[in-house]
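Worksheet for the structure shown next.
Just so it is clear, none of the values below were taken in a lab; they were calculated from the coordinates. A quick note: this is a predicted structure, and the numbers were derived from the prediction, not measured. Here the Cβ positions follow ideal geometry from the backbone for every residue, glycine too, while neighbour counts run over all protein chains shown.
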Amino acid sequence: MGSPGAVIETKPEGGSLFAPPPSLERDAKRREDDELVARTRRGDMEAFEALYRRHSPAVFGLALRMLQNRADAEDILQEIFIQAHDRLPSFEGRSAFGTWLYRLSVNRCLDHLRSRGAKEQSRTEPLTPELPGRVTTAGTRGLELERAIGELPPSSRAAFLLHHVAGFDHKEVGEMMGIAVGTSKSLVHRARTRLKEILTR
Amino acid sequence: MTDEHPDIERLNDYLDGDLAPREHREIESHLRQCGDCRRSLDELSAIVRAASELPPVAPPERIWESVAASLIERKSFARTSGSWWRSALYPALAAAAAILLGASLWLAMRGEERPTPTDQAALAEMVTKELEAAETHYDKAIVGLEQIIAQNEGVLPAELASVLNQNLDLIENAIGESRAAIATEPQSTAAQESLLQALRSKVTLLQNTILLINEVRKGQGENALDLIDEMRKTTDPSNPI
């Protein structure tokens with residue numbers, strides 16, 4: 001990989017190379033979500049269905065990658081949205097609905113992994129037929145990455161997925177997981193380092 | 001410093017742009033002359049890039065159906081419309097359709113099996129038995145339908161539920177009146193005919209309900225509402241059943 005002089009260009013003044021998408025798009029989505037949340041609170045099932053349609057693929061992707069088991073991920077997805085509906089009255093809108101939903105989702109996944117871990121040491125199944133792999137520009141296959149992510153410890157896995165796949169910054173990841181910004185960075189770094197080891201061994 | 005390999009943590013910081021300018025420049029300088037560290041950085045970078053390209057995964061449709069069914073069971077939603085009918089109400093409506101279709105077929109088959117009466121008393125007995133059997137069968141259908149409606153209380157659009165209940169009440173009244181007449185005059189062909197007619201009206205209503213279900217299934221909301229209006233007209237209290 002790489003050739004002399006092919007040093008990755010970075011921003012000397014700080015800031016991530018892989019920042020989330022422009023905030024404009026996020027703001028528009030947030031406004032639409034806010035409207036759907038308000039309608040759902042008034043008992044509009046169509047609005048809740050729309051929220052589900054907008055967010056379930058991202059949440060399901062997170063659950064699959066966190067749990068590495070399709071049946072569990074499906075059960076958890078269902079639980080997450082029922083829980084989200086139940087808790088919607090207490091959602092104050094300080095954060096975006098998507099952020100709030102991700103917080104609920106990642107913590108539900110972590111709880112599940114903890115209880116699963118207590119029951120059986122390891123029950124991971126290969127995700128090969130279930131997660132769409134793709135060849136990336138740098139030559140790392142998405143599918144290999146999916147498998148490697150499954151080998152990460154749960155907290156690192158969660159922080160990595162939230163930051164690099166879902167695109168949340170460390171402050172948001174910290175809030176979601178109830179950890180400090182520095183801890184989020186540290187978990188993500190550890191995840192990247194471990195993934196590098198797994199993928200190059 | 002430039003001869004010293006930065007540890008992986010610092011390479012991670014470099015990748016994130018989290019280093020102070022001086023440190024950043026030092027690592028940059030080192031990377032220009034160290035292939036190993038460049039390779040490490042490229043590998044980390046490739047992982048980050050690959051992660052950002054991992055796609056969302058669409059869940060199977062049945063997950064939403066389960067979520068919706070669960071919320072319905074708990075009567076979380078009072079209002080329904082549009083596609084929501086199709087996704088959540090279908091199983092219940094399909095079950096209702098099956099019950100009603102069964103009832104209609106039964107009546108049609110009974111008609112074909114009717115034996116030839118040999119005398120007036122035998123005819124009266126046969127009609128009575130047949131009416132009893134018809135009532136029993138339709139009672140079952142009504143129980144099934146009422147159960148489905150009860151299970152979906154607050155989910156079925158108020159307009160539709162109201163029309164169904166209104167029509168069922170009217171027919172029940174007509175059946176009740178006919179039964180009362182037969183009890184007073186067991187041999188009265190007018191009373192028997194009245195009861196049969198009430199049952200036939202029920203068949204019509206049930207068939208209309210099936211049509212309505214079909215319209216909802218096809219997503220023809222406007223046609224469904226037209227059908228409700230039609231059902232209202234045909235079962236108007238001023239229109240004797």
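Observations on the model:
- Here the scattering of region A:133-201 is modelled by Debye summation over its C-alpha atoms, one equal scatterer each and no solvent; at q = 0.21, 0.22 Å⁻¹ the log10 of I(q)/I(0) is -0.83, -0.89.
- Per-peptide average of other Cβ atoms within 10 Å, ordering A:110-117, B:10-17, B:61-68, A:86-93 highest first: B:10-17, B:61-68, A:110-117, A:86-93
- log10 of Debye I(q)/I(0), alpha-carbon scatterers only, for region B:1-61 at 0.15, 0.20, 0.24 Å⁻¹: -0.49, -0.74, -0.98
- Neighbouring partner chain Cβ atoms per residue of A:188-195, average, 10 Å criterion: 6
- Computed FRET value (nearest 0.05) for B:Glu23 with B:Arg62, which takes r as the C-beta separation and R₀ as 45 Å: 0.25
- Inter-chain shielding of B:4-15 (mean C-beta neighbours from other protein chains, 10 Å cut-off): 3
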